[in-house]
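What follows is a short report on a single structure.
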Amino acid sequence: MDTNVTEKNEFGAADRLRAALVDQLQACGLIRSEAGARAFRAVPRHLFTPGAALEQAYAPDDAVVLERDPNGVAVSSVSAPAIVAMMLEQAGVRPGDRVLEIGSGGYNAALLAELVGPHGQVTTLDIDPEVTDRAIRCLVAAGYAQVRVVCADGEFGAPDAAPFDVIVVTVGAWDLPPAWWDQLADGGRLVVPLRMRGITRSLALVPEQDQLTASSVLECGFVAMQGAGAVDERRIALHGKDVALRVDSDLEVNAAAMATALDGPRAEVWSQVTVGRGEAFSDLDLWLMATLTGFCLLTATRDAVDAGLVTPTWHLSTPAMVQGRSLAYRSRPQPVDQQRTIFEHGAYGHGPDGEALAQQLVEQIRVWDRQHRAGAGARVTVFPAATPDDRLPTSRALVINKRHTRVVISWP
């Protein structure tokens, strides 16, 4: 076939897939603004996903991994369109805005360029020169050469281009460094996937006096930040490489004591709290994180789950708790009707105190169901690290102390 004909067919297919993607994202409420829809229709995503098939490039829930470390962990990717759309709606970018993106792949920067228009400015930066070089090539190829691409450590922002009306962070951050606060314009907005005891939520933060308050808190997942802001989670092996606990830096766990936790019998405790098929309950994860002593996350390979070694809610990240030589984790919800449309939450426990831990976990599921399930959800507020206790909210609040900030999670 003639090369020109082949390219014309590929562009036609990309246009159709892109239009279908916008329809899908609008139908599920992830794109709510017409400006967002126009941006997604305009930017050729496939030009930012080298090596990926067109169908993968325009699949709403597929991230395209572009680089992995020696252990196979993704360190650079083009985020799934669903996540990109969600965060852009959180950001509320307007024509003429000055925007900083921390974590570059090119695609999100092109969308931001569409949103700010000819009188705005977009700066995108990344610590990895291979990522920024690729972003430059892709942006030029897609027609967005006006985007400023910087190779730098995102921990320190881009002071020479500040202040910014919007800062969008597209890597998983453990903390909020002072540079991000300092470089945010009055009335600006910071959108960041913040990791809190292993759980990541995209926060749309707005300045209020000496604090940042989240106007929305949404579930997401991102590759971890590198450079000065990197903080690694610890991995506690429970069964070789098949099952492990992901433990944040503020939790002490005796790895040797946990090594045999799965060897004994399993205790099962059920809550009588049910959910419908497809019903979201991500706010429950935040509640368990805030209320359980020894909170962590259980991860497992699909082979381990298929073999019945563990039966978590989600094999990559399930709420768990540890104490001594025992652990409990939230189970995969079990159907309670023949049509398999209603499912019950429960917990599994292992080790000498496994059943007691499972009881504690289930009791907090019941508390969430009684007191917070129908409410407005968790509130997240961020204060500078030097803020004294008497300046923090005290009602039903968890305070997570980080290097630069104190993160407060509370419920109405």
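The values are calculated or read from the model by the stated rules, or taken from the named source; none is laboratory data. Keep in mind the model is a prediction, meaning the values are calculated, not measured. Neighbour counts are summed over all protein chains in view; Cβ atoms, including those assigned to glycine, are modelled from backbone coordinates with ideal geometry. Surface areas here come from the heavy atoms of the whole protein model, side chains and all, with no ligands, DNA or RNA. Shrake-Rupley method; radii C 1.70, N 1.55, O 1.52, S 1.80 Å.
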Cα-projected label distance for ALA356 with VAL231, points at 7 Å along beta-carbon direction, nm: 3.0
message: How large a share of the accessible area of the chain, in percent, is made up of carbon and sulfur atoms when the probe is 1.4 Å and the other protein chains stay in place?
response: 49
task: Roll a 1.4 Å probe over the protein chains and send me the accessible area per residue for the chain in Å².
output: 45
task: In nm, give the distance between the simple-model label positions of GLN209 and ARG403, each being 7 Å from the Cα along the Cα-to-Cβ direction.
output: 2.9
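Which shape class applies to the range 122-228: rounded if a/c is under 1.5, otherwise prolate when a/b exceeds b/c and oblate if not, where a ≥ b ≥ c are the square roots of the Cα gyration tensor eigenvalues? Walk me through the numbers on the way to the answer.
On the way: a/c = 1.85, a/b = 1.41, b/c = 1.31.
Taking the square roots of the gyration eigenvalues as a ≥ b ≥ c, the range 122-228 is prolate.
Among all helices in the chain defined by DSSP H, which have a length of 27 Å or more along the axis from Cα atoms plus a Kyte-Doolittle mean of at least -1.0? Don't skip to the end; give the middle numbers.
Working: long enough: 3-27 (36 Å, -0.44).
Going by DSSP H runs, the hits are 3-27.
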query: Which sequence of ILE31, ILE342 reflects their accessible areas, 1.4 Å probe, from the largest down?
result: ILE342, ILE31
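Find the all-direction average of the projected area of the Cα convex hull for the range 264-377, expressing the result in square nanometres with one decimal place.
Values: hull surface 28.7 nm².
Convex hull of Cα atoms, orientation-averaged projection: 7.2 nm².
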query: Starting at 0 and stepping by 10 Å, how many percent of the alpha carbon pairs of the range 216-300 end up in each bin?
result: 12, 35, 38, 14, 1
- request: Assuming R0 = 22 Å, can you tell me the calculated FRET efficiency for the pair ASP390 and ASP250, based on Cβ-Cβ distance, to the nearest 0.05?
  value: 0.50
Computed label-point distance, nm, for sites CYS151 and THR293 using a 7 Å Cα→Cβ extension: 5.0
- request: Along each of the three principal axes of the Cα atoms of the chain, give the extent in whole Å, ordering the values from largest to smallest.
  value: 66, 60, 41
task: Would you be so kind as to identify which of GLN338, LEU30, LEU66 lies farthest towards the positive end of the dipole of the chain, taking Lys and Arg as +1 and Asp and Glu as -1 on Cβ and the Cα centre as origin?
output: GLN338
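With contacts defined as alpha carbon pairs under 8 Å and 6 or more residues apart, what's the relative contact order of the chain in percent?
Numbers: 873 pairs, mean separation 41.0, N = 412.
Answer for the chain is 10 percent.
Could you grab the Rg to Rh ratio for the range 149-196? Cα atoms only, Kirkwood for Rh. Can you show the working numbers first?
Details: Rg = 10.4 Å, Rh = 11.1 Å.
On the Cα set of the range 149-196, Rg over Rh gives 0.93.
Rounded to the nearest 500, what is the 222 nm mean residue ellipticity of the chain from helices alone, with -39500 (n - 2.57) per DSSP H run of 4+ residues and division by all residues?
Working: 11 runs with 115 residues, N = 412.
Roughly -8500 deg cm²/dmol at 222 nm, from the helical runs in the chain.
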Translational diffusion of the range 268-319, µm² s⁻¹ [Kirkwood Rh, Cα pairs; Stokes-Einstein; 20 °C; 1.002 mPa s]: 170
message: Assuming 0.36 nm per residue, please report the length gained on full extension of the stretch ARG366 to HIS119 beyond their Cα-Cα distance.
response: 83.7 nm
task: Give, in whole angstrom and from largest to smallest, the semi-axes √(5λ) of the equivalent ellipsoid of the range 299-346, with λ running over the eigenvalues of the Cα gyration tensor.
output: 22, 14, 8
message: Taking the full set of protein chains and a 1.4 angstrom probe, give the accessible area of TYR144 in square angstrom, rounded to the nearest 10.
response: 20
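To the nearest 0.05, what FRET efficiency results for SER282 and ARG137 with a Förster distance of 35 Å applied to their C-beta separation?
Working: r = 36 Å, r/R0 = 1.04.
Plugging the Cβ-Cβ distance into 1/(1 + (r/R0)^6) gives 0.45.
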